[in-house]
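The values are calculated or read from the model by the stated rules, or taken from the named source; none is laboratory data. Remember, predicted model here, so these are calculated numbers, not experimental data. Please note: Cβ atoms are built from the backbone with ideal geometry, for glycine as well, and neighbour counts cover all protein chains shown. Just so you know, the surface numbers come from the protein's heavy atoms only, side chains and all, with ligands and any DNA or RNA stripped out. Shrake-Rupley method; radii C 1.70, N 1.55, O 1.52, S 1.80 Å.
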Amino acid sequence: WESWSPERLAELRAEGRPVLVNMTAAWCITCLANERVALSSPAFRRSLSENGIAYLKGDWTQRDERITRYLAQFGRNGVPVYALYPSGGGQPELLPQILTPDGVDAALTRAARR
């Protein structure tokens, strides 16, 4: 994964690439559970690679103001937020706050094919 920034997200979107944005924090128990269950397996990494999806993480542990503004775009005021931007443009799909491996895999496949 790469560190999230508005600039990096814009670059990847301008290239037409699908992008998964993971907004997390070190103190977020749900974030840590999702990381362990759905976002760190070899199958997850393979799905990212096979679908050409860039993976950006934003760390809101210290309440970064840029991330706060990003969260607000989705009507959220906390983490986790998982936004999956489809290939070729379009609005992001917000994934559920509690992730499953199969759900993430299906979403990644959808985003790559839009």
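Observations, loosely collected:
- With each label modelled as a point 7 angstrom along the Cα→C-beta vector, the GLU65-GLU50 pair spans 4.4 nm.
- Modelled label reach - ARG8, point 7 Å along Cα→Cβ, the range 49-65 residues with backbone N closer than 18 Å: 49, 52-65
- Solvent-accessible surface of the chain, taken per residue with a 1.4 Å probe and all protein chains present: 54 Å².
- Cα-based shape type of the chain, given that a ≥ b ≥ c are square roots of the gyration tensor eigenvalues and the cut on a/c is 1.5: oblate
- Where both bridge residues fall in the chain, DSSP classifies roughly 45% of the beta bridges as antiparallel.
- Expressed as a whole percent, the accessible area of the chain that falls on carbon and sulfur atoms is 51 (1.4 Å probe).
- For ALA72, net neighbour charge (Lys/Arg +1, Asp/Glu -1) across residues whose Cβ lies under 15 Å away: +2
- Per-selection Rg to Rh, the range 1-59 - Cα, Kirkwood hydrodynamic radius: 0.99
- In a DSSP loop and with at most 15 other Cβ atoms within 10 Å, the chymotrypsin sites (Phe, Trp or Tyr not before Pro) in the range 1-53 are TRP1, TRP27.
- Rounded to the nearest 20, the Cβ-based charge dipole of the range 1-73 about its Cα centre (Lys and Arg +1, Asp and Glu -1) stands at 140 debye.
- CD proxy at 222 nm, helix term only [per DSSP H run n ≥ 4: -39500 (n - 2.57); per residue of the chain; nearest 500]: -13000 deg cm²/dmol
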